[in-house]
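*Asks:* Attaching a single structure in C-alpha cells format; questions to follow.
Just so you know, all these numbers are worked out from the coordinates, no wet-lab data involved. Since we're looking at a predicted model, the values are computed, not measured. Here the Cβ positions follow ideal geometry from the backbone for every residue, glycine too, while neighbour counts run over all protein chains shown.
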Amino acid sequence: MAELVSPNTARSYGSYWKKALAARPERRLDEITASDIKTMSEKVKATALVRSNSRAGRNAAENFIAAMRCLYRHAEADGTIDERRNPARRATKPRRNKSTRRALPDARIAELNEIVSTTGDNPELDALIVRLHEETACRRGGALTLRPRDLDRDQCLIYLREKDETTRWQPVSPTLMRHLLADAEERGTGHRDDQLLRYANGAPITRRRYDYIWTRPKSPPHSAPSPANPTHSHPRPDPECGCPHPSHPHHRRRPAITPTRTNSFAAHRGSQRPSRSPSPADRAPPDSP
C-alpha cells in the first residue's frame, strides 16, 4: 500500500494501517464494517501518545479514519470493493477543535532568536534555519527540500516546494541569500540538486533537527513558552516584498549568527532589495531549461 501513495502519506498513515491489520487480522476488507472502523478509531484515540499539542487523542482518531478512507479508495479503484459497500465512507470523523496555532509575539521571537543563536551544538546552522522560516514563513518540508539550484542570487529569490506539491518563488533579503549561498559552498556536496541545509560534516539535516531546535527554548534555564507547532507560527512575510512585517524584530535588532563569517544578519530595512520580484506565474521553476 505504501508504494501507491507519496512518502509523506505513507509515513503519516503507515502506523494506522498496521494498527488496523493487528486489530482485525482475520477479516478481509469487504468484511470490515463502519462500526469496526469507529471502534478501532476510539481505541487509537484512547492510546494516543500524549504530546504538548495533544487534543485528547482526537487528532489520532481523525487521522486513523483518514488512513482507512485512503486504503478503501484504492480498494475501490482496484475493484476489490464496491463503492456502496465501502465502510470507511460511512465512518464519521471526530469534529475538529478550533486550532490553537497563533503568531509568536515580538518578545518571544526575540528570545527565541537569542536562544537558538547562542546555545546548542550548532547555533550557526540553527540560526540560519530559524531566519529562513521567519523571512519566508515556509513549512519545515520547504526548508528540507531546498537545493542549491533553487537559489537565484541575482533576484534574491528561492524556490520552495511544500505541502501538497505546492511550489513558489519567494523573495528573501540579500543577507539571507548570502548566508544560504555560503552554507551551500562550505557544507554542500558540490551538486546543485542535493539538499542545501547540512551539518558541518556534510550530512543533510532531517526533521529531527527541528526537534532539537524547539526543545531548547522549553528547557531550563530558558523559560520562553513554545507553541504546539512553532514552525507554523512565525509572522507571515509582507506579500509585496517577502520581507518580515514592519513589526517584526529583525527590523529593529540584529540577532547574532555565524560568528565565523559575520557577527549578525544585517537588518533587512535599508538593505538593497531585488530589482524585480517575479510572480510564480511569470517565472519557470529552476528545473526548466
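*Asks:* If you split all Cα-Cα distances of region 3-52 into 5 Å bins from zero, what percentages do you get per bin, shortest first?
*Replies:* Percent of pairs per bin, in order: 4, 17, 24, 22, 21, 10, 2, 0.
*Asks:* I've got another one for you. Could you size up the charge dipole of region 34-131 around its Cα centre, putting +1 on the beta carbon of Lys and Arg and -1 on that of Asp and Glu, and report it in debye to the nearest 20? Before the final figure, lay out the partial values.
*Replies:* Details: 20 positive and 13 negative charges, 185 e Å.
Dipole of region 34-131, to the nearest 20 debye: 880 debye.
*Asks:* Please say if region 97-202 is rounded, prolate or oblate, where rounded means a/c under 1.5 for a ≥ b ≥ c the square roots of the C-alpha gyration tensor eigenvalues, and otherwise the choice is prolate for a/b larger than b/c and oblate otherwise? Numbers along the way, then the final one.
*Replies:* Numbers: a/c = 1.74, a/b = 1.23, b/c = 1.41.
Cα axes put region 97-202 in the oblate bin.
*Asks:* Further, regarding this structure: Could you give the nm distance between label points at residue 90 and residue 203, where each point is 7 Å from its Cα heading toward the beta carbon?
*Replies:* About 5.1 nm, to one decimal.
*Asks:* Obtain the nm distance between the two label points defined at residue 121 and residue 189 by a simple spin-label model: each point lies 7 Å from its Cα along the Cα-to-C-beta direction.
*Replies:* Modelled inter-label distance: 2.2 nm.
*Asks:* Each label point is 7 Å from the Cα along the Cα-to-Cβ direction; what then is the distance between the points at residue 80 and residue 34, in nm?
*Replies:* In this crude spin-label approximation the distance works out to 2.1 nm.
*Asks:* Straight-line reach from residue 38: which lysines fall under 24 Å, measuring Cα to Cα and dropping same-chain residues less than 8 apart?
*Replies:* Here the lysines satisfying the reach criterion relative to residue 38 are 18, 19, 93, 98.
*Asks:* Tell me, what does the Kirkwood hydrodynamic radius of region 2-90 come to in angstroms if you use every pair of distinct C-alpha atoms?
*Replies:* Numbers: mean 1/r = 0.0741 Å⁻¹.
Result for region 2-90 stands at 13.5 Å.
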